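Okay, so here's the structure we're looking at.
The values are calculated or read from the model by the stated rules, or taken from the named source; none is laboratory data. Computed from a predicted structure; not experimentally measured. We place every Cβ from the backbone using ideal geometry, glycine too, and count neighbours over all the protein chains shown. All accessible areas refer to the heavy atoms of the entire protein, side chains included, with ligands and DNA or RNA removed. Shrake-Rupley method; radii C 1.70, N 1.55, O 1.52, S 1.80 Å.
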Amino acid sequence: MELQPVPVGNVVGMMFSLMAAFGLPIGLFIYLWRKKKAAFFSFGTGLLVFVIFALTLESMVHSMVFQATGDLITGNPFLYALYGALMAAAFEETGRYLGMKFVMRNYLTKENALMYGVGHGGIEAILLLGLASINNLVNSTMINSGSMNGILEGLDEASRQTAIQGLSALWETPALLFFAAGFERIVAVFLQIALSVLIYRAVKEKNGRWYWAAFGAHFVVDFAAVLLSNVSIALTEIVVAAMTAAVVWYVRKAYLELKV
């Protein structure tokens, strides 16, 4: 196998994903900070809660569960979607609730609820897509400029073929999938903001039904996303976007009811 040029459409898709992962959260942060006077502290809380509860604690539980169950869960698409959605909803919404109740108690306003959501969804977008997009763009630029050939020439043939195989997704993947990844993160950021408003109401009003509303919305969207990913990426993105739009519409009404 030899290196192939990375199509322009793929590169544009990577740039779109990069902007979605970095540009959207940064733009929303600046807007809420300057226009709505939301605090950076709320952004940082959302960021840290995602890292602690989703990336660390949830991942630890996954490792233990999958080790104990073998392929019972991972080998069954329905059970895997059910388990994954339950765990994501449980860890992220509980972490969100604890973060707002105990860490953000001096910043508990509806504007800071939005800022929390930007931090939570923003770091998720950056870690899951943004860093990969940077790596993809750097490698694509090196391939298309010819400099990657110079690097690979120093390797033995087996290592060279392994490296090319690892890079091949850059030109073999349809451009639409790179755009889909960015679109998925845009949808996810707005979902995280909406869920943050629901948890804010749960904390502010000491009303558990808002927590369960966030839990349920998170579970249903994630369950559909994981289950449908085995059928069609396009169908997955359309359904998840429609479900998220419904959640955002509902939360907008809940947000406008708030005074502070």
When the residues of region 2-44 are filtered to those that are open to solvent by 80 Å² or more (accessible area, probe 1.4 Å) and closer than 14 Å to LEU170 by Cα, which remaining residue is farthest from the chain's Cα centre (by Cα)?
GLU2
Restricting attention to region 158-168, which residues are open to solvent by 50 Å² or more (accessible area, probe 1.4 Å) and hydrophobic (A, V, I, L, M, F, W, C)?
ALA158
Return the only residue of ASN135, ASN112, ASN149 being in contact (Cβ under 8 Å) with a residue 12 or more places away in the chain and within 25 Å of the chain's Cα centre (by Cα).
ASN112
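Table: residues versus (1) in contact (Cβ under 8 Å) with a residue 12 or more places away in the chain; (2) under 10 Å from ALA89 (Cβ atoms).
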site	(1), (2)
ALA188	yes, no
VAL203	yes, no
GLY208	no, no
ALA214	yes, yes
ALA225	yes, no
Within region 235-260, considering residues that are surrounded by fewer than 17 Cβ atoms within 10 Å (Cβ to Cβ) and of a type in the set (D, E, K, R), the one nearest to the chain's Cα centre (by Cα)
ARG252
Just to be sure I understand, how many residues within region 201-234 are open to solvent by less than 70 Å² (accessible area, probe 1.4 Å) and part of a loop (DSSP other than H, G, I, E, B)?
3
Could you look through region 70-106, keep only residues that are among the basic types (Lys, Arg) and more than 23 Å from the chain's Cα centre (by Cα), and pick out the one that is nearest to ILE199 (Cα to Cα)?
LYS101
